[in-house]
1. Over region 10-71, what is the mean sequence separation of C-alpha contacts under 8 Å (at least six apart), divided by residue count, expressed as relative contact order in percent?
2. Given the options Thr161, Thr20, Thr118, which has the most mean-square fluctuation in a GNM of the chain, springs set between C-alpha atoms less than 10 angstrom apart?
3. Would you mind calculating the gained length between Asp107 and Arg175 on full extension (0.36 nm times residue separation, minus the Cα-Cα distance), in nm to one decimal?
4. Relative contact order of the chain, please, whole-number percent, based on alpha carbon pairs below 8 angstrom and at least 6 residues apart.
5. When the helix-only estimate is applied to the chain (DSSP H runs of n ≥ 4, each -39,500 (n - 2.57), divided by the residue count), what is the mean residue ellipticity at 222 nm, nearest 500 deg cm²/dmol?
6. For Val136, which sequence-distant residues (separation of 5 or more, or a different chain) have an amide H within less than 5 Å of its own amide H, given hydrogens modelled in the peptide plane?
7. Of the chymotrypsin sites (Phe, Trp or Tyr not before Pro) in region 1-107, which ones lie in a loop per DSSP and count no more than 14 other C-beta atoms within 10 Å?
8. No other cysteine beta carbon under 4.7 Å away is the test; run it over the chain and list who passes.
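Just so it is clear, none of the values below were taken in a lab; they were calculated from the coordinates. Given the structure is predicted, the values throughout are model-derived calculations rather than measurements. So basically every Cβ, Gly included, is an ideal-geometry build from the backbone, and we count neighbours across all protein chains shown.
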Amino acid sequence: MFFTDDTGEALRAAVLLANTAETTDTLITQDDVGTFLEQHPYTGRIDRDDAELAALRDLRSRLRTMLLAPRDEMVDRVNDALSEVPLSPRLTRHDDVDWHLHAVADDRPLPERILVETAMALIDVIRADEVARLGVCADDDCEAIVLDLSRNRSRRYCSTTCANRNAVAAYRARRAAP
Ligand SMILES: [Zn+2]
Ligand SMILES: [Zn+2]
């Protein structure tokens, strides 16, 4: 893998969160937040209140813009995020995750920490010049973000649902051809 595990994990979490706003909104209730946190556990402060839910919902479009920005614009957005949040970087090791950086104190609000974690992960993406790993789903009716961490850069769809739907459509098109 060309990115470290924590970078890959931060990108996957950011993409999943941003994509909850696509097609059908799937971040409406505290249970939805719970589902997100089950897939991407965060240490530190989690309020589970309406303000946090609203801030997470608001964060999505910002994450999307950041994740899909061209490289130089991504730099500006990353720098904006880093200048806005009080940083207190330190190495930490918890659960089964080996030493990695937490850039923001654990008692800062969750949406703030997700924003900075995303920015930190995008620093790796920018430095490796791998912005092309992020794009929009190839399905005609889907605007969700695709994160392609595959070795051969083969991922075009945001989900197996979109991949399967297009595989079936392609199969039908081939069969219908004379
Ligand atoms: Zn951590
Ligand atoms: Zn899709």
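1. Numbers: 30 pairs, mean separation 30.3, N = 62.
Once divided by the residue count of region 10-71, the mean separation gives 49 percent.
2. With Cα springs under 10 Å in the chain, the top fluctuation among Thr161, Thr20, Thr118 is at Thr161.
3. On the way: separation 68, 0.36 × 68 = 24.48 nm, distance 5.77 nm.
Taking Asp107 through Arg175 to full extension adds about 18.7 nm, to one decimal.
4. Details: 199 pairs, mean separation 43.0, N = 178.
Relative CO of the chain lands at 24 percent.
5. Values: 6 runs with 93 residues, N = 178.
Rounded to the nearest 500, it is -17000 deg cm²/dmol.
6. Those qualifying (amide H under 5 Å, at least 5 residues apart or on another chain) are Val146.
7. Working: sites: Phe2, Phe3, Phe36, Tyr42, Trp99; in loops: Phe2, Phe3, Tyr42.
Sparse-neighbourhood loop chymotrypsin sites (Phe, Trp or Tyr not before Pro): Phe2, Tyr42.
8. Cys162
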